[in-house]
Structure formats: C-alpha cells, structure tokens
Amino acid sequence: MRLNFRREETASCSDKVVFEHFGKSAELPTGELVAVELMPKEAGEFAFACPMGMFHGRLIVE
C-alpha cells in the first residue's frame, strides 16, 4: 500500500514519520508530498509517529 503525507507546518519533530512495526521511516519536507510504501502481511492496527511521539496516528489494516 502507499500512504501519501504532506507536512503543512514547521514543528521540528514533525520532519519525519516512523512506522516502527514495518521498520520504515521517511523524511517529510514542509509542503512536499511524500509517498511511503508498506506491505502489511496481516490485519491489525499499526502505530506511526514522529520520532518524539508528539504527532502520531494509526494505520488500520482489515
């Protein structure tokens, strides 16, 4: 799957997204579209966050 991120603000800890379960991360330059490709092998909820954990979310795979 491909997730597209666009960072709209300039907080320094939001300059990267980390998908720990998948061992992936991506730099997020302000105002640019960044695609992150993941291959979930199972259903579940998978967390993602900035390196400091202040910005976070979850990916739900059914």
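For the chain, what % of the accessible area comes from carbon and sulfur atoms, probe 1.4 Å?
Here carbon and sulfur together make up 51 percent of the probe-accessible area.
Arrange the residues 9, 32 by how much accessible surface each exposes, largest first, with a 1.4 angstrom probe.
Heavy-atom accessible area, descending, gives 32, 9.
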**OP:** Name the long-range amide H neighbours of residue 59: under 5 Å, sequence gap of 5 or more, or other chain; modelled H, no Pro or chain starts.
**Re:** 46, 47, 48
Original post:
So what does residue 24 come to for accessible area, using a 1.4 Å probe and Å² rounded to 10?
Top reply: 90
Original post:
In nm, what is the difference between 0.36 nm times the number of residues separating residue 41 and residue 13 and their Cα-Cα distance?
Top reply: 7.2 nm
Original post:
Which ³J(HN,Hα) values, rounded to whole Hz and listed in residue order, are derived for region 47-53 from phi using the Karplus coefficients 6.51, -1.76 and 1.60 in 6.51 cos²θ - 1.76 cosθ + 1.60 with θ = phi - 60°, glycine and proline given as x?
Top reply: 7, 9, 6, 6, x, 8, x
Original post:
Two-decimal Rg/Rh of the chain from alpha-carbon positions, Kirkwood Rh?
Top reply: 0.96
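The values are calculated or read from the model by the stated rules, or taken from the named source; none is laboratory data. No experiment lies behind these values; they were computed from the predicted model shown. Remember, those area values only see protein heavy atoms, side chains included, never the ligands or the DNA or RNA. Shrake-Rupley method; radii C 1.70, N 1.55, O 1.52, S 1.80 Å.
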